[in-house]
Amino acid sequence: MAIRIDLDFRSGIPIYVQIMDQIKRRVLAGELRPGDQLPTVRQLATDLRVNFNTVARAYRLLDEAGLISTQQGRGTYILEAPTPEVSEHLRQQAMEALTHRFLRGAARLGFSPDEVRLAVERHLRDRNPAVDDGEDDE
């Protein structure tokens, strides 16, 4: 029932998202199969040295997405490989968490919404020249 999860506490990605992502990847890779039991929330929190609520949140979101099932008194089990819709839902949840954290940090530093938007647009343009710069190409 041991599962290896590697956390990066400096990545800026919330720990619960890292847990969710790694469980999802292991399911998609076939390392975790339907019927496989996951560690209890308490056990995984202890193994990872993170707060119980962090693991509980990851498990709850995976349960809501239909990837796992927690059965009171019996444990938490992998249900099935996620459908494309479930995979996209999990992906969108991760993006929302990252966006929220970024915007909260920018606001704490006193940046206005326009400053944030311009910085993001500049970053995207620098990384991907195909991103529209708002000017018409005629």
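The values are calculated or read from the model by the stated rules, or taken from the named source; none is laboratory data. Computed from a predicted structure; not experimentally measured. Neighbour counts are summed over all protein chains in view; Cβ atoms, including those assigned to glycine, are modelled from backbone coordinates with ideal geometry.
Quick notes on this structure:
- Residue in the stretch 67-75 that is in contact (Cβ under 8 Å) with a residue 24 or more places away in the chain, at negative phi and not in a loop (DSSP other than H, G, I, E, B) present: yes
- Residue in the stretch 40-54 that is touching a residue at least 60 places away in the same chain (Cβ under 8 Å) and under 21 Å from GLN92 (Cα atoms) present: no
- Within this structure, VAL27 fails the test of being under 30 Å from ALA119 (Cβ atoms), among the β-branched types (Val, Ile, Thr), outside any loop (DSSP other than H, G, I, E, B) and in contact (Cβ under 8 Å) with a residue 40 or more places away in the chain.
- Extreme residue, modelled with the lowest pLDDT, among residues of the stretch 4-24 that are in a loop (DSSP other than H, G, I, E, B) and β-branched (Val, Ile, Thr): ILE13
- Verdict on PHE52 being surrounded by fewer than 14 Cβ atoms within 10 Å (Cβ to Cβ), hydrophobic (A, V, I, L, M, F, W, C) and at negative phi: yes
- Filter result (assigned to a loop (DSSP other than H, G, I, E, B) and surrounded by fewer than 14 Cβ atoms within 10 Å (Cβ to Cβ)) within the stretch 32-47: ARG33, PRO34, GLY35
- For the stretch 55-93, filtered to residues that are among the acidic types (Asp, Glu) and modelled with pLDDT under 85, the residue that is surrounded by the most Cβ atoms within 10 Å (Cβ to Cβ) is GLU80.
- Given (1) at pLDDT 95 or above; (2) touching a helix residue (DSSP H, G or I) at 6+ places or on another chain (Cβ under 6 Å), number of the condition LEU38 does not satisfy: (2)
- One residue stands out in the stretch 48-66 among those that are in a loop (DSSP other than H, G, I, E, B) and not basic (Lys, Arg): the one that is farthest from TYR16 (Cα to Cα), namely GLY66.
- Pair list, Cβ < 7 Å and 6+ apart or interchain, from the stretch 88-113 residues that are closer than 16 Å to LEU61 by Cα to residues that are of a type outside the set (Asp, Glu) and in a helix (DSSP H, G or I): LEU90/MET20; LEU90/LYS24; GLN93/LEU61; ALA94/VAL17; ALA97/VAL17
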